[in-house]
Amino acid sequence: MSFCLIILAGGNSHRFKSNISKPYQKIAGKSLIEINVNKARQFKQIKKIIVVYNKKDMKRVKSLKLKNVQLVIGGKNRQQSAYNALKNLINKKNITKVLLHDAARPNFSSKLIKSIIVNMKKFKAVIPKIKIQDAVKQIIVSSKDEYIIGKKRDNLFLTQTPQAFNLKEIFLLHKKNSLKYKDDDISLYMDLNNVKFIEGEKNNFKITDQSDLENLKRIYKSNQNVGIGFDVHRLVRKKKLYLAGLKIKSPLGTLGHSDGDPVLHSIIDAILGACNLGDIGQMFSDKSRKFKNIRSTVLLKQVMKLINSKGYFINNIDINIITQTPKIQKYKNKMIDSIAKLCEINKNQINIKGKTTEKLGVIGKEKAIASEVIASVIKYD
């Protein structure tokens, strides 16, 4: 089975009451769209991702620079937006199933996706649902009076996304009902005999207003971990000096098995520590010829790929570069640009400070350079 995830982000967000639409609200530097996309990339069954956006948000969605993601302009309502995406898919022979998902519902777990994928082997549609816990009442208004009646909760439930469907079938249902508005895709099914309703998740709620976003931030904050990294290298002549991925003009360079970049090495250690994934020596042994003279930028990219695959994303990085020479101030902004690009995070998530040892010890005598880092990560799953 091969799936396409369609992320529906084409609404107007009227109820959210913000100049920035819900899909572009950020948590730990990542927009809700990016969180959804990053989660989807963990699954080999999801071969394609489409983001359906509101035309007024064109600049915002393009500024995300989403890799290997198709952008489709949305319609007047949710159903038309879904249909626009499905029309772009219907002739793709390598896609047989679709996951239709609201961008404003980014807190689904990998367990939920796995359950949906497994159940799609037997059913033509799979829908997550949760039971209604509170008492349900209906107000009846007549010409003379209004009164309240109770409703039994036994057969009432709330549906969630992602919702999975056979591509051809959901496309034809959308095409047939294009003029009839439905609030979600399962509403198009009159025959529910081959539709599987599975247990949804309480925390997979839809962000409707500011309080929902604050609630989600609190959840992610509770999933935050911190790691510490440290690295020191001897300074010698006739060697290159790399700091934060940049080649620094200097008569002295670092002695090391790789390119000897103490900043990136300490960042790697801090990130791995925060994710409980060991340290740089375990991943990239200095006894291996494979890593001899390798650029540390390559190593950091591998680490980022690893932690993202496990649901971790960087919240912030705080760096002390301890050196008598060179002076860090003139390189600080370029270093931040370099780290932000390598880690695929915003520049305001990175802080760099240059420190000396007041000419004390081997660092003060310009015989060594060190870096220490504290990094915090958030697990989005």
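The values are calculated or read from the model by the stated rules, or taken from the named source; none is laboratory data. Small disclaimer: the values here were computed from a predicted structure and weren't measured. Please note: Cβ atoms are built from the backbone with ideal geometry, for glycine as well, and neighbour counts cover all protein chains shown.
The strands (runs of 3 or more DSSP E) falling completely within the range 210-320 that include 3 or more residues that are among the β-branched types (Val, Ile, Thr) and surrounded by 13 or more Cβ atoms within 10 Å (Cβ to Cβ) map to 224-237.
Residues are listed down the side, and each one gets a yes or a no for (1) in a loop (DSSP other than H, G, I, E, B); (2) in the same structural domain as Ile113 (by TED's automatic domain parsing); (3) at pLDDT 90 or above:
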{"site": "Lys129", "(1), (2), (3)": "no, yes, yes"}
{"site": "Ile139", "(1), (2), (3)": "no, yes, no"}
{"site": "Ile148", "(1), (2), (3)": "no, yes, no"}
{"site": "Asp154", "(1), (2), (3)": "yes, yes, no"}
{"site": "Glu169", "(1), (2), (3)": "no, yes, yes"}
{"site": "Lys182", "(1), (2), (3)": "yes, yes, no"}
{"site": "Ser187", "(1), (2), (3)": "no, yes, no"}
{"site": "Asn193", "(1), (2), (3)": "yes, yes, no"}
{"site": "Ile198", "(1), (2), (3)": "no, yes, yes"}
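Answer yes or no: is there a residue in the range 12-26 that is assigned to a strand (DSSP E or B) and either in contact (Cβ under 8 Å) with a residue 12 or more places away in the chain or surrounded by 22 or more Cβ atoms within 10 Å (Cβ to Cβ) (or both). Within the range 12-26 (the criterion being assigned to a strand (DSSP E or B) and either in contact (Cβ under 8 Å) with a residue 12 or more places away in the chain or surrounded by 22 or more Cβ atoms within 10 Å (Cβ to Cβ) (or both)), the answer is no, since none of the residues qualifies. Scanning the range 339-361 for residues that are farther than 19 Å from His265 by Cα, in a helix (DSSP H, G or I) and touching a residue at least 24 places away in the same chain (Cβ under 8 Å) returns a single hit, Asn348.
Table: residues versus (1) farther than 20 Å from Lys65 by Cβ; (2) modelled with pLDDT of 95 or more; (3) of a type in the set (Phe, Trp, Tyr).
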| site | (1), (2), (3) |
| --- | --- |
| Leu5 | no, yes, no |
| Ala9 | no, yes, no |
| Asn12 | yes, no, no |
| Phe16 | yes, no, yes |
| Asn19 | yes, no, no |
| Ala28 | no, no, no |
| Ile35 | no, no, no |
| Phe43 | yes, no, yes |
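In the range 333-344 there is at least one residue that is within 16 Å of the chain's Cα centre (by Cα) and surrounded by fewer than 17 Cβ atoms within 10 Å (Cβ to Cβ). Restricting Val72, Val61 to residues that are buried (at least 18 other Cβ atoms within 10 Å of the Cβ), assigned to a helix (DSSP H, G or I) and touching a strand residue (DSSP E or B) at 6+ places or on another chain (Cβ under 9 Å) narrows the list to Val61.
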